[in-house]
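The values are calculated or read from the model by the stated rules, or taken from the named source; none is laboratory data. Everything numeric in this text was worked out from a predicted model, so none of it was measured. Cβ coordinates were reconstructed from backbone atoms using ideal geometry, including for glycine residues, and neighbour counts include every protein chain displayed.
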Amino acid sequence: MAMAPSLRFRSRMGRGKRQGQEAPRRPRRGGAPIIELDDVTKVYPGGHLALERVSLAINRGEFAFLVGPTGCGKSTLIKLLIRELAPTEGEVRVAGRDIGSLPEKKIPQLRRNIGTVFQDFKLLPNRTVYDNVAYALQVIGASRTEIREKVPETLRLVGLSTKLHNYPDQLSGGEQQRVSIARAFVNHPPLLLADEPSGNLDPVTSIGIMQLLYRINRTGTTVLVVTHDREMVDKMQRRVIELFEGRVVRDEVTGGYTEESTTEFGVRMRGEMGVGVEGQTNGHEAGER
Ligand code: ADP
Ligand code: MG
């Protein structure tokens, strides 16, 4: 199965760091960063300061968490990355491109390269699992052959091969989130953003969702996950960027970062969090490395 992320952003990626610009703090995976915020401030109409002089860089292939208390600016940062909002000051670059000044007509192209997952799934209630995922390809003009190939392949990856014809209200919360992850990933975007993807889910189901996001990361896609779940973040031993009142107050890897397979990851996480095996997440190892 072809799991390489879309290369469409590559042409924009070759640019080295600009003169006088600081090197990204954590260039673990090499290559140019896929996300860069340079002294970004966001003031909402009405004057609320949501982000204040935020600078960070996330490299291609990284898995990073964005954490912090409610209201600290996490969702604002995500919205800046998909140009749902523009920064008040500073520059937001995705794949080397300043997206704050992107013309309206280029925004759909940006969003095609960024998969998004939200706490409330945002599935179409009157469409089946299959159609919810297929729709994401239809809107970008994919061929029927491509849709027929990619949709089942992606639903297999997320462990939902047996639920293709179910409607969202016939699924558990964890399954619905898997559909929304499949929809976000079916186009193999180089970047996946998840804003509190396990916010409505129980701990066991949440581990399954994190394991799935990790599996997607291991195909080469950069993954940025907003979460409240401190225990999960501490146990995952990945990069953590913490916001507090709109500022970055921490950017580090908790514990020792370990390279591990998706299966090793799942076993370790369940062990450390003291929960049993969730049946849904086993036996869907396509695309693993
Ligand atoms: P988080 O996702 O970390 O909970 P948000 O990024 O949603 O935080 O919000 C950051 C701050 O900006 C909060 O104080 C919130 O009330 C405020 N805020 C968010 N959206 C808007 C908006 N559209 N207009 C005014 N203030 C907003
Ligand atoms: Mg939020």
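Among the residues of the stretch 142-155, write down those that are under 23 Å from the mean Cα position of the chain (by Cα) and in a loop (DSSP other than H, G, I, E, B). Matches in the stretch 142-155: 142 only.
Filtering 115, 90 for residues that are on the phi > 0 side of the Ramachandran plot and either surrounded by 18 or more Cβ atoms within 10 Å (Cβ to Cβ) or touching a Leu at 6+ places or on another chain (Cβ under 8 Å) (or both) leaves a single hit, 90.
For every residue, the table says whether it meets (1) of a type in the set (D, E, K, R); (2) closer than 30 Å to residue 158 by Cα; (3) within 16 Å of ligand 2 (Cβ to nearest atom).
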site: 53; (1), (2), (3): yes, no, no
site: 77; (1), (2), (3): no, yes, yes
site: 91; (1), (2), (3): yes, no, no
site: 101; (1), (2), (3): no, no, no
site: 113; (1), (2), (3): no, yes, no
site: 121; (1), (2), (3): no, yes, yes
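Elements of the type helices (runs of 4 or more DSSP H) sitting completely within the stretch 156-263 and holding at least 2 residues that are under 21 Å from residue 125 (Cα atoms) and either among the β-branched types (Val, Ile, Thr) or in contact (Cβ under 8 Å) with a residue 40 or more places away in the chain (or both): these cover 173-185.
Once the stretch 185-226 is narrowed to residues that are within 16 Å of ligand 1 (Cβ to nearest atom) and buried (at least 23 other Cβ atoms within 10 Å of the Cβ), the residue that is modelled with the lowest pLDDT is 198.
The residue that is farthest from residue 219 (Cα to Cα), counting only those in the stretch 164-184 that are among the charged types (D, E, K, R) and surrounded by fewer than 22 Cβ atoms within 10 Å (Cβ to Cβ), is 169.
Does residue 154 satisfy being hydroxyl-bearing (Ser, Thr, Tyr), surrounded by fewer than 20 Cβ atoms within 10 Å (Cβ to Cβ) and away from ligand 2 (no atom under 16 Å from the Cβ)?
Details: hydroxyl-bearing (Ser, Thr, Tyr): yes; surrounded by fewer than 20 Cβ atoms within 10 Å (Cβ to Cβ): no; away from ligand 2 (no atom under 16 Å from the Cβ): yes.
So residue 154 fails the test.
Considering 258, 262, 222, the condition of being over 30 Å from residue 53 (Cα atoms), touching a Lys or Arg at 6+ places or on another chain (Cβ under 6 Å) and away from ligand 2 (no atom under 16 Å from the Cβ) is satisfied by 262 alone. Filtered by the rule that a residue be charged (D, E, K, R) and surrounded by 18 or more Cβ atoms within 10 Å (Cβ to Cβ), the stretch 53-78 gives 60, 62, 74.
When restricted to residues that are within 15 Å of ligand 1 (Cβ to nearest atom) and of a type in the set (Gly, Ala, Ser), the stretch 43-77 contains 7. Can you tell me which residue is farthest from the chain's Cα centre (by Cα) among those in the stretch 156-198 that are within 18 Å of residue 64 (Cα to Cα) and of a type in the set (Asp, Glu)? Across the stretch 156-198, the extreme among qualifying residues is 196.
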